[in-house]
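The values are calculated or read from the model by the stated rules, or taken from the named source; none is laboratory data. The shown structure was predicted, so the numbers you read here are calculated from the model rather than taken from an experiment. Ideal geometry is used to build each Cβ from the backbone, glycine not excepted, and the neighbour counts take in all protein chains shown.
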Amino acid sequence: MDRIKKIEIDLQREISFIINTKVKDPRVGFVTVTYVKLSSDYHYMDVYITVMDKEANLKTCLECLNKCKGFIKKKLFERIKLKTVPEIKFFYDESIDRGMRINEILENLKIKEKKS
């Protein structure tokens, strides 16, 4: 496993811990960090998340996470030994929605096949 991948895994674990235990804003809700993509120069990272109640609070949750980026970076710096903590960008991970949609299509095809 290469160095960047190891750091991405560590960052994912730590960001998830910080968001779910240290961020006290109730608008954030329950967030799962699904993936972290670190740039090759270690200056930027994209953090992909999912939220429990997507329809009700996805936009609010992303806004709150973007507002507390500085706090998250500070906590990351305290917890992980890096020269600098990369700039964070939060994104909603649509892969779970796509997977559920594909599963739904496959189930519908099985039902239609049984009827034929």
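Observations
- Restricted to segment 44-103, and to residues there that are among the small types (Gly, Ala, Ser) and free of Cβ contacts under 8 Å to residues at least 40 places away in the same chain, the residue that is farthest from LYS5 (Cα to Cα) is ALA56.
- Odd one out for THR60 among (1) part of a strand (DSSP E or B); (2) surrounded by fewer than 17 Cβ atoms within 10 Å (Cβ to Cβ); (3) β-branched (Val, Ile, Thr); (4) in contact with a Lys or Arg (Cβ under 8 Å, 6 or more places away or on another chain): (1)
- LEU109 vs. criteria out of contact with any Leu (no Cβ under 7 Å at 6 or more places or on another chain), loosely packed, with under 13 Cβ neighbours inside 10 Å and either at pLDDT 85 or above or of a type in the set (A, V, I, L, M) (or both): yes
- When PRO26 is tested against (1) under 23 Å from LYS5 (Cβ atoms); (2) not in a helix (DSSP H, G or I), only condition (1) is not met.
- In the set (1) at pLDDT below 80; (2) over 16 Å from the mean Cα position of the chain (by Cα); (3) on the phi > 0 side of the Ramachandran plot, the condition left unmet by SER116 is number (3).
- Residue that is farthest from VAL51 (Cα to Cα) [pool: residues in segment 84-95 that are surrounded by 14 or more Cβ atoms within 10 Å (Cβ to Cβ) and among the β-branched types (Val, Ile, Thr)]: VAL85
- The set of residues in segment 63-83 being surrounded by 14 or more Cβ atoms within 10 Å (Cβ to Cβ), touching a strand residue (DSSP E or B) at 6+ places or on another chain (Cβ under 8 Å) and of a type outside the set (A, V, I, L, M) consists of LYS69, LYS73.
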